[in-house]
Each structure stands twice: as structure tokens, then as C-alpha cells.
Amino acid sequence: MTLTDASAKDGQTGADDAALVRLASTLDMAIERLERARPFAKSRHQGPVLDVLGRIIAQSGGLGVVRQRAPRMDAAGLFAGSDWDRPEALLPQLVGGTLVSEDPAFQALEAASLARFLAVADGDARHANLHQEGARHFLTQVLALNLRDLFGAPDEAARTLGARHDLKRRVLSHIADHVGLSDVLNVLVTEIWRLLEQRSVQVGVVKDMIAQIAVALNEKGTEPGSTRLGAERLVSALFGPTTASRDDPGLEIYIERISVADESGLSREAMGFARAMHDTGLVSDYHATFLRWALDYDARPLIPEALGLGSTGLDCWRHYRGLIERLVRSAVSPATPQAAYGLAMMLDRGILHHAPMTPALERQLTLGLGGAARERIALGFGPAVPPETYLLAGVLQVLGQPLGVGQGANPTCQSARAIAMWALNDPDYLLHLITQVAEFDTLQMQFEGTPINSADLPAGLAGSGPIDADPVSVLLVAHLDRIYAEMGRLCAGRPGDPHTWINPQFHGWWVSRDCAVAVDVATGKLAGYDDFLRRFFGAYHPEYNGGRPLGHPQPAGIAVTDAQQRFVGWHAIAILRVAEDQSGEMRVYFYNPNNDSGQDWGNGVVVSTSGHGERYGEGSLPFDAFLSRVYLFHDEPLRTQGSQDLPTEAIRAVRDQAIASWAADRQPDD
Amino acid sequence: MTDKNPDKGFVALLGWSLNAIEAVDRFDRRYVVVAPPWAEDYCRQNDIPFVPWDFDRLNERSHELALTLEDMGVDVAIPIFEETVEWAGAVNAVLLKNPRLLGQAMLFRDKSLMKRRAQLGGIRVGVFEEAHDRGDVIRFLKRVNQTLLKLDGDPNDPIHFKAFDKSGTAGHRVIRTPEDVDNIPDEEFPALLESHLDGWEFAVEAWIKNGKIEFLNISEYVTLGYSVFVPATPELEAHRERITEEIEKLIEVFDIDFGFIHPEYFLTSDNKLYFGEVAYRPPGFNALELIERAYGFNGYQGLVLAFDPKTTQEELDAFFPKEVVDAKGHAGCFGVYPRRRVVSRLQVPEETANHPYFEFHELSDPREQKVAKRSAFGTHWGLAYFFGDNAHDLRDLLKRQEELDYYV
């Protein structure tokens, strides 16, 4: 049986049932009232609609009724005033939880929202902020994230949910009937590989998806082919990457097995782990267990092999073996397996050879977390291991994968970018900041000589800080965010964009002191845009800047647009390097603190994350396409002029792209 | 905002009711909301025309409000709540240059004056008396039961206690024992005391223009304070002619030229109609919504027509349907009170959820786990709405709800 067949029987079509017809007419009446209602009174009329919806979706065939009416309910204002009003911002990973919410109104709301996605995906309806592909993609992700509930026999947790779980299952099958399941696995596997290639620090969601694929493969099987191959590669990386762990025997049995293995067997295990880890960026629990066991295996050091170190990493191992073993012992555990990948990548970066790093890491090993900092880590990551272990694991990951830092679902791109750039550029400074917050729950910085102390400042954009990010971000962002906001306040009244002064003060000396802004801050209109573009070429394009490569990452601001080229918002990124890709096209490689760099900005401007010479975590665009979305960049005040003359057409092409998208209504009046 | 007709009246809604505002916003009359200052931000954000006003006790500032509204070009004020009835009277006395309207409003606001006026006009009322303290209540309770030839130890017939100036079921208590009397808070005095009438209780909603009834609805109570439905059962509607006569008497006795009244009556077992009380404002318990569900017209918009001096007879004829025969069915609602001492969540009873008459509910989630003991009729936690063809089935269904747990 194929995956498609499995769900087709749960047909949600025939609306012949009398009760359903009656409920449908009650729903129509409630929708009419909502439609009639003035915007200020929408909320009063949403309740009745949700109430009827809740009863309809419990009926067989009810979801079909809801789907037919979903666009109308949306237009009537069912989602007005809630997060669901912006379908483009909804997170697929939250859908499963809402569908089993205790409050039937939330279940109804989520079902109606999904029905709206379905209507758009089927091409039956259009939505201003949601295009057909986007809707389809969202639903596929929802299915992918909830495969277990679609196929798996209900586990204990699902059984206790009873009717709520049944509803979720029926909603998922209904979606599967419409978008088709055959390509969900395919899309899912492709999606996972695309995400993995960016080597995010946070891999929880990806691991969850792989676990669900494992269930689906196990329950239903699938046709042989490349999809199956890709899926199995993922599943084995997580659940059985080596000979001794192939059958996913459980950690205890695994330890028994390796305890009696011979040297060549152990060596094969170590290499198997290393291969799977570097293939996917994921670390199996068996791998973590193996590493800890290997610490006490005296016959031969297995750690470098199991970490798959390259020549730089091996050199670090020879110099700092004691420190590295202590890091493995303190940071790598079945609750924090990813620390192993962070450690391997950190060693291969060679940053241990940077003199302040070994004492800083030694300090980190003995660092105790106090007060609020301790509570926040515990809140974010749970009690499986002490908060210090989570933090140390997080430190290794951030230092090993600086470009894997993501902002989570928080408006804190500035802070995430800062952490990433320090990890890349100034790792011992980052550890210095971590120590301050861990021990004293404060951060001290200076703004043009004025001391700033985060503990004295009111909460910023992120409130008390995110808990859905990596441990280092969970610790630091609330403080960084406040300091950033305070620097903004200190700039109040200065003419021009405050980032001009904040960025160098906030990040470090290596941020160029001059700053070019494409728009007039007061009017929001383009100002001196051609000069702005010309200057960017002169500063960053190797052919016009005298062939000088970019030394340090430079913060920059981009105007993010959606796939329809509409302006979405200003966003902080960092320019990492400008170079030709394999095909000779000049590209800008940059870091986007957004958790997934691969975004479609419209009109063919699609950020690439692999296949164009990107390193892990980099996004890239052709030079022109990138520049067409830049609105702020830093530039050296003292810079030799390049010899090449910049052709006017180059400027015009970029200008046209900007005007066609985010700057459409920002052209100066004159 | 719907396009407004400049040739029609400009009305002021006295009191804050989103239902009323929304209905009038969709209507063709210009309007302004007069409500306490806390509503100001909301009105500004939503483009609702607004005049901030504190409706405390009526004072000399009523004239100031009248002049403010007159300057804006307002033609008439419509009271939305009991507390704004006398304000509307005072304001309309100025706007319509008719000082009598203030006196009329004072009658509506004082339950005792109202009852005497009705009695003087030859309308049948039950035994009633005014109470200024608890002693008065005990005396009345004893006297009524002596009259009924009860012996010591017989259970008392209840009496009704209604704070003078509270609306609907707020401040309405049923008194059976001296202990019940002790539970009355001081601030509910003075109050009106009434003997209990065994019978069929119902309410009327009447839209009046030029002293003539434009639409008369009979709302049948299943249980006072719990449930009501419209139109009434055929058995009660059989009395429509007599009831209409009674309303015409009220119009005459209270000298009502225009507006909206909401009186309550008892039909006793000996087939006599007793007048309970009358309010010059929309009823509570979302009765206008039930009427809209049954008949399809918006009661608040009807209110505007009835108050607006520039309304024509043609407009009224086109607006109001024909009573009873034009109803699409019977609409009822049930006010839900938690029955258990401790509740944790809302769960519509399965037999209700599956009943074909059940439409939807507007129940709030339990805000507190502990349920306050009901003393006066108090406030329900929300309404459940029903609609169906058969009045008797609907009545029985509403009655049945009283035995079901919506909160568990």
C-alpha cells in the first residue's frame, strides 16, 4: 500500500448527512453576521462561528464544509485580531499543538486556517499574502511534522487525548487527501537536506521530522528510489549510523557491544560516526555515547577519529588534548549530542591556537550559572542535564558553527547577528560576554565612552529574552537587545540612521566607521541612491575596489521583500565575502540570522544556500541582485579608489530592480 | 460607516453597548455615542463618533449635555441602559422642546412611582409596598402570608424585592424567610416589594411612534433569569389582543408619544393580566438579538426609527414585519450559570450540542475556579442560543438546560 492509498479512505466529501447540512446552514448564518459586523465588532461575532465550526469539524465530512467556506470566513474577519490573520507568518511546527488544544475554539480556528491554506493550495481561492505554492509548501510541512499522527499507532500521549487526537488525525488525512501524500516524503527529505546544508545550531525540528520519517518508513514502507535512499540516509544518521548501532539497539546494549569489540571494530565505529556526522551535521545519541565511552578507553585515542578531524583539527588535538577531553566529558551527552559536531568544527577552525582561547574555554568549563541566567537556561532546555552542560554545549556549537546561529521566532536579528559575528571573528570576546551574564546577570558595554549596563535597562524588543533559540542566545539576547535599544536612545536626535553609530560601537572596531544609507530617514524616500550604489560597488566589488577581499564581516541592512517583491521589512544581515562562484558569476555571500536563509525575494531574486560555492550557513546572491535589496552598509572612511570606471548600465540595472520591489513607493518626489 | 442620510435624524446613543453601536453604524442615520470617558480611545481607534460623559446621578449638568448635543445637531437621544433613561428624558426635553419628557423619564426610573401611576391609570397590579429598611421587608412578608391564611410553620409564599433603580434581574431577589432579608445589602434600599404572582410571566417589546404601536413582540420566559424565547407559544400569543390593549393603556397612562418600552406582565391562573413593571430602554438578555433571529430586523435600528422625529410612516411600514406570521421560527436563549461549586472548563453538554435547535453559545471560559453563591439573580456566564420551528419543543429544551452542566 502506498502512502496515498492509506488516507484516501477517510473521505471528507459527501455532505449528505442531515446534521451536517443543518450545521452548515447555522454556520452560514454565523458567518453572515460576522461579515456584516463592523471591524470593531468582529471579535464578538467570531465566537459563534468558532463554536459552530468546532461542532462541524467533529462530524464526518465536516472538513469539506469548512474548506468550501474557508475563504469566505477569512474575508469575513474570522482571523481578525489574531496571529492567524497573517498566514504568511504562521509556523507549521505550531499547528499540531493547536489541533489538540484543550480549547475547542483554538482547534476550530486552526482547522479553519488550514482549510484556508487548502483552498489557496487547490487554486480555489486567492489570498493577498499567500500564494498557491506557499500554501502548498506550508501544508506539506504540517503533514511532514505530524507524520506520526497520520500513520503511527497512537502512543500513550495520543491515547489520553482521545477525541482531540482523532480530530487531529482526521484534519491531517483531509489535508493529505488534497495535497497528496506521495510527494510529502519527497518534499520532506529535500527540505531536510536543504535545511541541513545550512548547518543550523538548532536541529530540534529537523530531528523531529527525521524521527517521523522513520515512523512512516517503518509503518508504511515506500517505493524504492532516490527518495527512499535519501530518507534512509537521514534516519540512519540519527538512529543507527554504524555497524554496531545499525539496528537501533538502545544505548545500554550498544555499550555492551563496543566493550567487547576489537580495535578495528572500534575504529570502524568511530569512522562511521564521523562520516554520518559530517554528512548531515547531525549527531546520533550513539555517537555521543561512544565519545564518552572512548574517553576512558586507554588503548588508543579514538576521539579524533570519531570527530572526523581534518589536519587543523588534528593539530589542535595534539596541542590541547587535555582540554578537548575535558570539553567532551563536560559538554557531550545524550541530551547534548550536537556538542560533538560543534567541537569538531571548532577544532578544525583552528581557533584554539588563538592565545586567549584556551584560558577562556578553561574558564567556561568551570563557569557556574547563577540566578536568572540559570533559570532561563533551565526553562529553555529542561532538566535532563545541568544548565552548565547545555551552555557549554551551546558554546561549542556556536564557536564551531558561527553561521548556524538563528534568531528563533524573535524580532532580534541584530542580537543574533552580533553573536554570530563574534563567534566568527572575536570568539574570546563572546566568551567574555557569556561569563558576565552567567555570573552577574548583566552585560557591560560602552557607547562612545558612556558606560551601559544591561541590568539597569528596561526590557527591549525580546522582552525577557527568547527561550526557543540556542543556549548562548537564550543567555545573551535579552541583554544584547536592551543594550542595542539603549544605544538607539543615545542616538536620538542625531540626523541620519542611528545604525551608523550603533553598529561599530555595538560589534567592535572592525565594523567600518562610515555608513551609507539609501533612504532619507525622515521621509523614507530614496536619497542619493545612485551614489549609494556606486559606493557599494567601490567598497565591495573586487573589480572596483582594487581587488581587496573583505577582511571582517560587515553588518548591513536589507529591505526584505516577499516572492511578489512586496516590501516586508528591514532586516539585519552580515556581508561575509564577495567572490566569483564556480561559473564565474560574482556573488555576495552573507549571513542571515533568520533561521532559514533560503528565501524567495521575488523577481528571480532567490537566496541560494548551496550549489553556488556557499560555505555552511552562508546565503548568496549575484552581486547585482543582492545590492538591489541593500539599504544600509558600512564603508571605510579611508579607502583607495579602484582604478576601474563603473559603467552606468550596472547602476541602472540595480536601480531598476530596487524600484520594481521594495522602493516602488519610495522614489523621491522631485 | 454606512452612508448616512442627511435628511434623516441625528441620534445620540446614551450608554455603551457594542451591539447597539454596531447596529446603528450599519444604519442610515447619523449617530454619536455618549458614554463614559474610558471608551474614548476605543472610539477614536475605530472611528466611532463619541462624546465622553459620566452618567452618575442626574444633576444640573444634564442641561450641559443637552446643549452639547444640540450644538452638534443631534435631534434625539436614545437611552441604552436603565441608568441613562432619565438622562435621555432630560436631554430630549431640551432637544424636542418638551419639558414633560423629563417627568416621564423619572416615572420610568422609580419602580414605586411607576407602579402607582399604573394603578391610578386603572392598570391591574399586584400588592406592592415600598421598603426603606429590612423591617419593612419583614412586615410585608408577614402581612402577605397572613392574608393568605398561612399558619405559623407553613412555608411562606415568597415576595419579590426589587431595588428601585436597578434594571432587569439585577437587584431582584426572591424573599422567603427572614434570613433572606438579612442577606440584602444596605445599598439595595430603597426597594419595591411585591407579592408573588403564580402565573405565566412574560415580557413585551414595543416600538412606538406617534402614540401608536409599530411592532409588538411577546417574549415568553421559561424561567425568569434563565431563559426566554420569541415569538411566544401559540397559547400565550392567543392573548395578543388583550396584551395589545394593555400596552395601549400604558401608552396612554405614561403619555408615551414615541420610543420603545419593555414591560413585564403576569398572566395568572384566573386569566387576569397583572402589570409588573416597564422600562423605557432595550431589554437585557439579548432579546433584540432573538427578535432579529426570528424576524430578521435589527431591534436597535428599529429603536432609531422609533425615536427619530424625522422618520416617516412609510419607513416604519417597510421596516417592521408582521408579528408572529412573519417569524421564520422561534429563537430562544439560555443564560448559563455554573452549577458545580468548583469548575475547571467549559463543555457544552453533549445532548445540547447534538440537538438540532442548538445554534451556538457565547460562553466565557471559567475565569475563576470557585463559583460565587448566587444571591440575587446575578450575572450569567454567557448565553446559549437556540432556534427551531416548534415553540413547545423549544420551551422544553430551554427548561431542560437548567439541569445540565455547561461547566465541569
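Residues B:His380, B:His361, A:His552 in ascending order of nearby Cβ atoms (within 10 Å, fewest first): A:His552, B:His380, B:His361.
Sorted fewest first by neighbouring Cβ atoms within 10 angstrom, A:Ile57, A:Ile175 come out as A:Ile57, A:Ile175. For A:Arg639, no residue 5 or more places off, or on another chain, has a built amide H under 5 Å of its own. The residues B:Asp54, B:Asp255, when put in order of fewest to most other Cβ atoms within 10 Å, stand as B:Asp54, B:Asp255. Compared with the alpha-carbon gap, the fully stretched path from A:Ser101 to A:Gln68 is longer by 9.5 nm at 0.36 nm per residue. Does the range A:376-478 come out rounded, prolate or oblate, given a ≥ b ≥ c as the square roots of the eigenvalues of its C-alpha gyration tensor, rounded meaning a/c under 1.5 and, failing that, prolate meaning a/b above b/c? Since a/c stays below 1.5, the shape of the range A:376-478 is classed as rounded.
Sequence-ordered 3J(HN,Hα) estimates for the range B:9-21 from the Karplus curve with 6.51, -1.76 and 1.60 and θ = phi - 60° stand at x, 10, 10, 10, 8, 8, x, 9, 9, 4, 4, 5, 4 Hz, glycine and proline given as x. Residues of the range A:572-615 with an amide N closer than 14 Å to a point placed 7 Å from the Cα of A:Ala563 along the Cα-to-Cβ direction: A:598-607.
At full extension, A:Arg228 and A:Ser259 could sit 7.9 nm farther apart than now, given 0.36 nm per residue minus the alpha carbon distance.
Volume per residue of the convex hull around the Cα atoms, evaluated for the range A:243-349, comes out as 93 Å³. Across the range B:182-193, computed HN-Hα scalar couplings (Karplus, 6.51 cos²θ - 1.76 cosθ + 1.60, θ = phi - 60°) run 4, 7, 7, x, 4, 6, 8, 8, x, 8, 9, 10 Hz from first to last residue, x flagging Gly and Pro. Expressed in units of 2.2 N^0.38 Å, where N is the residue count, the Cα radius of gyration of the range A:31-76 is 1.16.
Between Rg and the Kirkwood Rh of the range B:185-323, both from Cα atoms, what is the Rg to Rh ratio?
0.97
Within the range A:551-670, the proportion of Cα pairs with more than 23 Å between them is 31 percent.
The convex hull built on the alpha-carbon positions of chain B has an orientation-averaged projected area of 20.9 nm².
At each listed q (0.15, 0.17, 0.24 Å⁻¹), what is the log10 of I(q)/I(0) that the Debye formula gives for the range B:10-101 modelled as equal alpha-carbon point scatterers? Calculated log10 I(q)/I(0) at the listed q: -0.51, -0.65, -1.31. If you plug the beta carbon distance of B:Asp186 and B:Val127 into 1/(1 + (r/R0)^6) with R0 = 25 Å, you get a FRET efficiency near 0.50.
Of the chymotrypsin sites (Phe, Trp or Tyr not before Pro) found in the range A:294-366, those that fall in a DSSP loop while having at most 16 other beta-carbon atoms within 10 Å are A:Tyr297. Two numbers describe the Cα atoms of chain A: Rg and Dmax, which are 26.8, 82 Å. Between A:Asp279 and A:Thr435, the contour length at 0.36 nm per residue exceeds the Cα-Cα span by 52.8 nm. Restricting the range B:45-120 to GluC sites (Glu not before Pro) that sit in a DSSP loop and have at most 15 other Cβ atoms within 10 Å of their own Cβ leaves B:Glu60.
Relative contact order of chain B: what whole-number percent is it, with Cα pairs under 8 angstrom and at least 6 residues apart?
Computed value for chain B: 15 percent relative contact order.
Annotation: for a label point projected 7 angstrom from Cα along Cα→Cβ of B:Gln313, residues of the range B:233-265 with backbone N closer than 18 Å are B:257-259.
Around the amide H of B:Val228, modelled in the peptide plane, lie the amide H atoms of B:Val222, B:Cys333, all under 5 Å away and 5 or more residues distant in sequence or on another chain. Residues whose amide H falls under 5 Å from that of B:Trp200, counting only those 5 or more places apart or on a different chain, are B:Leu267, B:Thr268, with hydrogens built in the peptide plane. In sequence order, the range A:254-261 has phi-based couplings of 4, 4, 4, 5, 6, 5, 10, 7 Hz under the Karplus curve 6.51 cos²θ - 1.76 cosθ + 1.60, θ = phi - 60°, and Gly or Pro positions carry x.
Each reported figure results from applying straightforward, stated rules to the coordinates on display, with no laboratory input. Here the structure is a predicted model, which is why all the values come from computation and not from measurement. Heads up, the Cβs are rebuilt from the backbone with ideal geometry, glycines too, and the neighbour counts pull from every protein chain shown.
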